[in-house]
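In what follows, a single structure is set out as structure tokens and then discussed.
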Amino acid sequence: MVRYRMGDSVKRNRPCLHLLHHAVLVLGLVVFATSAAQASGEALLNAIIDRQPQRVAILLDQGVSPEAVSGLGEFEGKSALMWAAESGQVVMIDLLLQYGAQVDRSNPKGGTALMYAAVAGQVEAIRALIEAGANPDHKVRHGWTPLLLATSKGHVASVRALAELGADLNTRDVYGWTLLMRATERGDTEMVTTLLELGLDPQDADTTGTSAITLARRINTPELLRLLETASGRL
């Protein structure tokens, strides 16, 4: 009869125990590295929000990813470049791009840094991003583009900059509404004047036949109606 000593089973299981110990160690290192990366990413985002370009430069130089994004919550998926674009920090934008940030990276809803700049009316950020290769005609849900966003927010200078930099002035949302229709709906005389100067046709209509002129009549804005009808007569 073969007899086993108590230590024999331990000896036989040593390879398994060694592998288990190694796996736990590796898992711990992965968790530690992930936590460290998240903390570094948060530090980068906070430095951008707090307008600390020197701090941003130091963090990037130390290897923090320029693609850091906000975590769960209201700002989920909002990248470092988006934060910089929204606040118009061109120095930050240049730094992030130099260190490899993707100029057209999108958030969970499809928005890009250029769209954040357009919504916020950050003209210099718009210029910096497009010159770096951002798509001026990027579309998200419902067909919104940087131009449509800037128009709907009343940012005349941003609209002019986008047009100058090649954005499509004939862009339409998913409902077929033009830039001029959006501006008219808001009763934005300055924006309507700007768009007419840029050559938009007040008679362009959506699939239901509604045009900027139709909208001006519907919302009873005599000044806008005169402006649009005058422009229509010149075309």
*What number of residues within region 193-220 are charged (D, E, K, R) and surrounded by 13 or more Cβ atoms within 10 Å (Cβ to Cβ)?*
4
*What residue, among those in region 66-84 that are of a type in the set (Asp, Glu) and surrounded by fewer than 16 Cβ atoms within 10 Å (Cβ to Cβ), is farthest from the chain's Cα centre (by Cα)?*
GLU74
_Regarding region 165-177, can at least one residue be identified that is out of contact with any strand residue (DSSP E or B) (no Cβ under 9 Å at 6 or more places or on another chain), over 21 Å from PHE75 (Cα atoms), modelled with pLDDT of 95 or more and outside any loop (DSSP other than H, G, I, E, B)?_
no
*Say whether the condition of being touching a Phe, Trp or Tyr at 6+ places or on another chain (Cβ under 9 Å) and in contact (Cβ under 8 Å) with a residue 40 or more places away in the chain is met by at least one residue in region 132-147.*
no
_Taking the criterion of being part of a helix (DSSP H, G or I), at pLDDT 95 or above and in contact with a Ser or Thr (Cβ under 9 Å, 6 or more places away or on another chain), would at least one residue in region 135-142 satisfy it?_
no
*Are there any pairs, at least 6 apart or on different chains, whose C-beta atoms fall under 8 Å, with the first in region 90-110 and assigned to a loop (DSSP other than H, G, I, E, B) and the second surrounded by fewer than 15 Cβ atoms within 10 Å (Cβ to Cβ) and of a type outside the set (S, T, N, Q), and if so, which?*
VAL103/GLY133; ASP104/GLY133; ASN107/GLU76; PRO108/GLU76; LYS109/ARG141; GLY110/ARG141
*asked:* Please go through region 142-192 and give me each residue that is surrounded by fewer than 16 Cβ atoms within 10 Å (Cβ to Cβ), small (Gly, Ala, Ser) and either touching an Asp or Glu at 6+ places or on another chain (Cβ under 9 Å) or within 19 Å of THR210 (Cα to Cα) (or both), ordered by number.
replied: GLY143, GLY154, GLY166, GLY176, GLY187
*Selected residue [among the charged types (D, E, K, R) and under 24 Å from the mean Cα position of the chain (by Cα)] from ASP168, ASP188, ASP204*: ASP168
*Being among the polar types (S, T, N, Q) and closer than 12 Å to GLY111 by Cβ is the filter here, so list the residues in region 136-164 that pass it.*
THR145
*In region 80-118, how many residues are within 18 Å of LYS139 (Cα to Cα) and of a type in the set (Ser, Thr, Tyr)?*
3
_Which numbered condition in (1) assigned to a helix (DSSP H, G or I); (2) among the β-branched types (Val, Ile, Thr); (3) under 29 Å from ALA80 (Cα atoms); (4) free of Cβ contacts under 8 Å to residues at least 40 places away in the same chain is the only one that THR194 fails?_
(3)
*Just to be sure, is ARG12 at pLDDT below 95, surrounded by 10 or more Cβ atoms within 10 Å (Cβ to Cβ), over 30 Å from GLY110 (Cα atoms) and charged (D, E, K, R)?*
yes
*Report, ordered by the first and then the second residue, all pairs with beta carbons closer than 8 Å, sequence separation of six or more or different chains, a first member in region 55-68 that is over 11 Å from GLY41 (Cα atoms) and of a type in the set (A, V, I, L, M), and a second member that is surrounded by 14 or more Cβ atoms within 10 Å (Cβ to Cβ) and modelled with pLDDT of 95 or more.*
ALA57/LEU95
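The values are calculated or read from the model by the stated rules, or taken from the named source; none is laboratory data. This structure is a prediction, so every number in the text was calculated from the model and none was measured. We place every Cβ from the backbone using ideal geometry, glycine too, and count neighbours over all the protein chains shown.
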